[in-house]
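Below is one structure, written out as structure tokens; the observations come after it.
The values are calculated or read from the model by the stated rules, or taken from the named source; none is laboratory data. Values in this document were obtained by computation on a predicted structure and should not be read as measured data. Quick reminder, even Gly has a Cβ in these numbers, built from the backbone with ideal geometry, and neighbours come from all protein chains shown.
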Amino acid sequence: MSDSTYPSLATSNQRSIDEHGRSNAVASGMTRNGDTEFYDGVIELEKAWNEGLKPDPMLLVSEWADQFRVLSPKSAAEPGRWRTQRTPYLQEIMDCLSVSSPVQRVVFMKGAQVGGTEAGNNWIGYVIHMAPGPMMAVSPTVEMAKRNSRQRIDPQLEDVPELRARVAPARSRDSGNTVLSKEFPGGVLVMTGANSAVGLRSMPARYLFMDEVDGYPGDVEGEGDPILLAERRSATFARRRKVLLVSTPTLKSTSRIQREFENSDQRYFYVPCPSCGHSQPLRFSQLRWEEGKPENAQYCCEDCDYLISEHQKTEMLNQGYWQATAEGDGQTQGYHLSSLYSPVGWFSWEDAARIFEGAQQNPDLMKGFVNTVLGESYEEEFEAPEWERLYERRESYIIGVVPEGGLFLTAGVDVQRDRLECEIVAWGRSKESWSIDYLVLDGDTALPDVWKKLDQVLSKDWPHALGSSLPIRVMCVDSGYATQDVYGWVRNYPQAVWGGAGARASQPRSVVAIKGRDTETALIQNVSKADTGGKRRGLRVWNVSGPVAKVELYRWLKLPRPTDEERASGELFSPGTCHFPQYGEEYFKQLTAERRIIRLHKGFPKATWEKDPTRNNEVLDCRVYARAAASIYGLDRFKELQWKRLENALGEVKQKALVQSESAQPITKKTTKAFRQRSSVVADDPYL
């Protein structure tokens with residue numbers, strides 16, 4: 001489009017000067033250039049005027065990326081010029097985000113290492129350079145948004161000259177460039193977290209990039225679903241808006257990306273067989289390898305049974321195409337891609353086969369395989385185990401004594417009006433656990449006496465079957481009831497800390513005040529400052545997801561046990577196996593007192609846990625808190641070095657004896673009572 005098509009502001013300004021006279025021009029702050037006089041700033045105004053009259057760019061997002069995008073060595077495994085040919089399946093997805101495309105919403109449900117986030121970052125660069133307007137990028141949390149800004153967005157702005165020229169350096173005064181906000185001519189990029197209601201309604205947005213949506217909270221500060229909150233920001237732009245939702249899926253019952261994909265036209269990437277030419281989407285069920293030799297993995301064509309080698313995948317991807325399998329609404333296009341499509345040199349078929357083999361006996365690993373490799377949501381069994389089966393599987397190790405496999409102790413405390421209930425749990429390799437003792441400490445929790453009893457529990461060293469003894473490493477105390485009394489007691493002990501590397505409890509007998517949360521994103525949600533009534537020495541409250549811990553526990557409780565013959569031949573217990581001593585029936589009834597159900601909440605499926613009205617659930621709560629304490633101490637991040645240190649601290653000689661407790665034998669004798677009578681003595685066990 002020629003600039004002469006529209007009246008020039010400079011020409012209009014010259015006419016104004018001629019009509020009103022030179023004296024008015026001088027008084028108004030005009031300048032002379034030869035025989036032409038201008039108002040100050042008119043050149044910049046004319047430039048902005050003409051820029052605004054330009055039509056939307058004809059360049060597509062993938063073309064922009066190939067022409068301008070540079071991958072930074074700070075964040076990319078393959079730094080240098082972007083090549084869409086390396087990941088050809090991303091071309092259509094990116095091009096739907098171009099302003100010339102009629103598509104308004106793009107849904108991308110994917111496995112890991114396929115380039116989904118980088119496709120979104122290409123779109124960000126395209127908007128800043130070619131189609132400026134208000135844009136919002138949403139991460140699961142504000143902290144993740146900050147990290148993405150520093151690690152991905154800032155390097156992109158620095159390494160692409162066309163972007164660097166439009167976004168001033170953050171070090172410049174009034175640059176408009178902060179960690180979470182990048183201003184550029186004609187628009188602004190705002191980055192926020194799905195956990196911030198204020199951030200989600202901060203401004204209208206023509207462009208909306210929502211990354212890892214399955215990690216978003218279910219309800220943002222009481223204001224509803226974060227995806228709905230964010231998409232309202234784009235409503236005023238009508239058909240000109242662009243929305244991209246990207247995520248690896250999680251649980252089928254609550255997966256947002258699964259729901260969005262099912263409501264789309266459900267596109268899959270078809271690739272041709274190098275032998276017969278039959279086009280097909282890649283399915284893990286067609287991967288073939290000899291058991292124990294994943295390095296030999298090949299793909300079997302579903303039409304001619306030809307075994308395709310990994311190196312042939314590059315040409316297959318270049319000839320691939322997306323095909324819709326459902327009728328859409330014409331505005332939303334949905335794409336599914338597993339990690340089997342990952343380019344040669346990234347995630348391989350061998351990697352997929354190896355992960356699958358390693359996940360066979362571990363539900364946690366299998367869930368990760370389904371989510372991150374297959375790019376599919378995981379459907380999990382949530383029915384509570386039968387308490388009678390758990391009661392029958394009790395073992396004969398001594399209550400109050402840590403069996404050989406236990407390497408560290410944690411405790412969970414539930415607070416009621418008239419008592420404290422506490423479970424001490426030993427943890428070993430592969431998250432195997434042993435309930436060591438369950439105590440009910442009677443007393444008014446508003447008075448100090450019952451807390452003194454808890455002091456005794458925490459100060460005790462618990463004897464170990466190998467002749468040593470162990471302290472409680474971390475104790476988690478629920479602060480939902482008698483909150484200030486809990487805070488006052490917790491402040492007397494060392495507290496765990498939360499930093500860049502996660503949780504850390506370096507001192508034994510650390511105590512943590514916790515509050516339960518109903519989100520299903522992570523066991524430890526976050527840490528917040530507690531209101532201690534103005535006392536100088538404050539503390540932090542750890543927010544713990546009860547649903548995450550309960551799902552895990554119920555899965556562990558259903559694990560099959562090896563028979564006596566299998567154990568004699570050396571077979572180990574499955575990772576996560578829970579061992580229990582000779583507790584009474586009430587303990588197991590309370591441990592299984594809740595069930596997980598799905599209900600509609602504001603039109604969306606929401607998982608919730610409901611208690612059997614005929615049972616108490618304090619035992620279940622205490623086990624959840626003890627599990628959170630184990631995570632804080634390091635159960636979920638320990639490597640071989642940490643396990644070795646714990647074993648050495650016990651003076652172990654034979655590591656095998658620690659991996660499996662030889663004392664774990666099913667009992668046959670009958671317990672006479674479900675409960676002993678409660679007592680105020682610390683050592684009493686009410687569930688015998």
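Results, tabulated for the structure shown:
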quantity	calculated
Spans of helices (runs of 4 or more DSSP H) in region 570-668 with at least 3 residues modelled with pLDDT of 90 or more and not charged (D, E, K, R)	585-591, 618-633, 640-649
Single unsatisfied condition, ILE128 versus (1) free of Cβ contacts under 8 Å to residues at least 40 places away in the same chain; (2) surrounded by 19 or more Cβ atoms within 10 Å (Cβ to Cβ)	(1)
Residue, farthest from ARG232 (Cα to Cα), within region 133-169, restricted to residues that are in contact (Cβ under 8 Å) with a residue 40 or more places away in the chain and β-branched (Val, Ile, Thr)	VAL160
Residue match in region 459-469 (condition: modelled with pLDDT of 95 or more, under 19 Å from TYR625 (Cα atoms) and within 32 Å of the chain's Cα centre (by Cα))	no
Residues of region 352-368 classified as within 22 Å of THR250 (Cβ to Cβ) and surrounded by fewer than 18 Cβ atoms within 10 Å (Cβ to Cβ), total	9
Those residues of region 468-507 which are in contact with a Leu (Cβ under 8 Å, 6 or more places away or on another chain), charged (D, E, K, R) and surrounded by fewer than 21 Cβ atoms within 10 Å (Cβ to Cβ), in sequence order	ARG491
Residues of region 410-435 classified as touching a Pro at 6+ places or on another chain (Cβ under 8 Å) and without any contact (Cβ under 8 Å) to a residue 60 or more places away in the chain, total	1
Residues satisfying the stated conditions in region 54-110, i.e. out of contact with any Pro (no Cβ under 9 Å at 6 or more places or on another chain), over 22 Å from VAL271 (Cβ atoms) and among the hydroxyl-bearing types (Ser, Thr, Tyr)	SER101
Any hit, region 310-328, residues being free of Cβ contacts under 8 Å to residues at least 24 places away in the same chain and either assigned to a loop (DSSP other than H, G, I, E, B) or among the acidic types (Asp, Glu) (or both)	no
Positions within region 446-467 being surrounded by 14 or more Cβ atoms within 10 Å (Cβ to Cβ) and outside any helix (DSSP H, G or I), in sequence order	LYS460, TRP462, PRO463, HIS464, ALA465, LEU466
Flag if ARG517 is among the basic types (Lys, Arg), crowded, with 16+ Cβ neighbours inside 10 Å and modelled with pLDDT under 90	yes
Flag if GLY412 is over 28 Å from the mean Cα position of the chain (by Cα), closer than 30 Å to ARG645 by Cα and of a type in the set (Gly, Ala, Ser)	no
From the options ILE436, ILE424, ILE355, residue that is of a type in the set (A, V, I, L, M) and not in a strand (DSSP E or B)	ILE355
Residue in region 181-190 that is among the aromatic types (Phe, Trp, Tyr), closer than 21 Å to ARG150 by Cβ and in the same structural domain as VAL127 (by TED's automatic domain parsing) present	yes
Number of positions in region 281-297 that are assigned to a strand (DSSP E or B) and either touching a helix residue (DSSP H, G or I) at 6+ places or on another chain (Cβ under 6 Å) or crowded, with 18+ Cβ neighbours inside 10 Å (or both)	2
Evaluation of SER255 against (1) at negative phi; (2) at pLDDT 95 or above (one fails), failing number	(2)
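Conditions tested, residue by residue: (1) modelled with pLDDT of 95 or more; (2) touching a helix residue (DSSP H, G or I) at 6+ places or on another chain (Cβ under 6 Å); (3) buried (at least 19 other Cβ atoms within 10 Å of the Cβ).
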site: SER98; (1), (2), (3): yes, yes, yes
site: GLY120; (1), (2), (3): yes, no, yes
site: MET136; (1), (2), (3): yes, no, yes
site: ALA165; (1), (2), (3): no, no, no
site: PRO169; (1), (2), (3): no, no, no
